[in-house]
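In what follows, a single structure is set out as structure tokens and then discussed.
The values are calculated or read from the model by the stated rules, or taken from the named source; none is laboratory data. The structure displayed is predicted, hence computed values, not measured ones. FYI the Cβ positions are ideal-geometry reconstructions off the backbone, even for glycines, and counts take in every protein chain you see.
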Amino acid sequence: MGNEDEQVDVESIDMDAIVTLARIELRPEECEKFKGHLRSTLNYVQRIMAVDVSNVLPSAHAEELYNVWDEDQVGKSLSQDDALANAPERDRGQVAIYRVVDEV
């Protein structure tokens with residue numbers, strides 16, 4: 001992204017492309033509002049990228065993790081009827097939900 005003093009050029013942000021990729025619909029005034037938010041976010045990312053991390057070892061966690069798995073213990077579990085007791089709808093012994101993803 002370059003020098004940390006540089007600001008992201010708000011005019012270079014292609015909101016039409018972002019809206020299309022995100023599969024959302026925005027009114028023109030919303031596009032302008034979110035363009036400003038996106039510029040602020042990208043400027044912050046630019047500041048983070050300027051931090052020298054050459055002497056920092058890569059890690060998956062900030063803290064070392066040891067023995068994170070408990071031993072499995074068999075215990076009393078719910079019957080299928082009890083587990084589904086509060087389900088708004090059931091279908092073949094499972095919770096029925098509405099489709100939330102369209103076919104691609």
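Things worth noting here:
Rundown of residues vs (1) modelled with pLDDT under 85; (2) under 30 Å from Q7 (Cβ atoms); (3) touching a Leu at 6+ places or on another chain (Cβ under 8 Å), yes/no style:
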| position | (1), (2), (3) |
| --- | --- |
| V51 | no, yes, no |
| S54 | no, yes, no |
| D70 | yes, no, no |
| Q73 | no, no, no |
| L78 | no, no, no |
| N86 | no, no, no |
| A96 | no, no, no |
| V100 | yes, no, no |
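- A count restricted to the range 24-38 and to residues that are in a helix (DSSP H, G or I), surrounded by fewer than 13 Cβ atoms within 10 Å (Cβ to Cβ) and of a type in the set (K, R) stands at 1.
- The set of residues in the range 45-104 that are β-branched (V, I, T) and surrounded by 10 or more Cβ atoms within 10 Å (Cβ to Cβ) comprises V45, I48, V95, I97.
- Residue satisfying all of: in the range 49-88; within 29 Å of the chain's Cα centre (by Cα) and charged (D, E, K, R); farthest from V8 (Cα to Cα) among these: D70
- Leading residue by the ranking (nearest to V101 (Cα to Cα)) among those in the range 11-21 that are of a type in the set (A, V, I, L, M, F, W, C) and exposed (fewer than 11 other Cβ atoms within 10 Å of the Cβ): L21
- Flag set for L42, criterion: outside any loop (DSSP other than H, G, I, E, B), surrounded by 10 or more Cβ atoms within 10 Å (Cβ to Cβ) and of a type in the set (A, V, I, L, M).
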